[in-house]
Amino acid sequence: GIQVEQSPPDLILQEGANSTLRCNFSDSVNNLQWFHQNPWGQLINLFYIPSGTKQNGRLSATTVATERYSLLYISSSQTTDSGVYFCAAANNAGNMLTFGGGTRLMVKP
Amino acid sequence: NAGVTQTPKFQVLKTGQSMTLQCAQDMNHEYMSWYRQDPGMGLRLIHYSVGAGITDQGEVPNGYNVSRSTTEDFPLRLLSAAPSQTSVYFCASSYMDSPLHFGNGTRLTVT
């Protein structure tokens, strides 16, 4: 099956800083999603982005499917951005996603 | 819309006991799935369903059964709980090839 790797595994930022999280996948994909797991354990869908670029407020994501990677950009980070960010991908019909190991982000005030 | 609702939030079982984790969604999503999350790891797919009456295995199906008699409900059954099944379980739903929506999880401990 498809392999999904995320980097860096851990990231500490000062409030207001920008960051880029990376997701590499081992095969072509037709489904790529980013999620945020907050400190209470809730998983929130950030982007459905099998290709191209999307923006939502301070967050944006870009997937370059031909080169098998996706990037999540966080600008002007806030303490509420803390948590774990997961990338998940699939190369089949449907939503049978394979998750990466996550990037644990801590934003300090 | 309540979204995806999981019950219970917490459960403690003894080895060998059985139980059912409930999952319901009110968004008329055809796709539903169960994941488990172990400490320091990403989520792994247990079982999934692409519609009522249709289920299939994911990456880690052993020890778990599912059924999908209605569009709304997708229960996960542990037939004989083992300590290795201690985990946080997440149910999710979506339209096909659309953003996946997760429930708040069930924290299960098997002693």
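A few comments on the model shown:
- With each label modelled as a point 7 angstrom along the Cα→C-beta vector, the B:Asn28-B:Thr111 pair spans 4.6 nm.
- Peptide B:94-102 shows a mean partner chain C-beta count of 6 within 10 Å per residue C-beta.
- For A:42-54, mean number of other protein chain Cβ atoms within 10 Å: 3
- Compactness ratio for the range A:58-98: Cα radius of gyration over 2.2 N^0.38 Å (N = residue count) comes to 1.43.
- Neighbours of B:Asp73 by Cβ distance under 14 Å: Lys/Arg scored +1, Asp/Glu scored -1, total -1.
- Per-bin percent of Cα-Cα distances, the range A:26-109 [5 Å]: 3, 15, 26, 25, 17, 9, 4, 1, 0
- Label point distance in nm, B:Phe10-B:Asp56, each placed 7 Å from Cα along Cα→Cβ: 3.8 nm
- Calculated over the range B:1-40: convex hull of Cα atoms, volume per residue (Å³): 114 Å³
- Cα centroid separation, the range B:31-93 to the range A:47-100 (Å): 24 Å
- Positive-pole candidate from B:Leu78, B:Tyr31, B:Gly42, dipole of the range B:29-87, charges at beta carbon: B:Leu78
- When you restrict to C-alpha pairs under 8 Å that are six or more residues apart and normalise by the size of the range A:11-58, the relative contact order lands at 27 percent.
- Estimated inter-spin distance, B:Met19 and A:Asp27, nm [label 7 Å along Cα→Cβ]: 3.5 nm
- Candidates B:Ser93, B:Ser69, B:Ser33: whichever shows maximal mean-square fluctuation once chain B is modelled as a Gaussian network with Cα springs under 10 Å: B:Ser69
- Using the empirical formula 2.2 N^0.38 Å as the baseline, the Cα radius of gyration of the protein assembly as shown reaches a ratio of 1.01.
A short reminder: the numbers here are calculations on the coordinates, not readings from a lab. In this text, all values refer to a predicted model and were calculated from it rather than measured experimentally. Cβ sites come from the backbone with ideal geometry, for glycine too, and all protein chains shown count toward neighbours.
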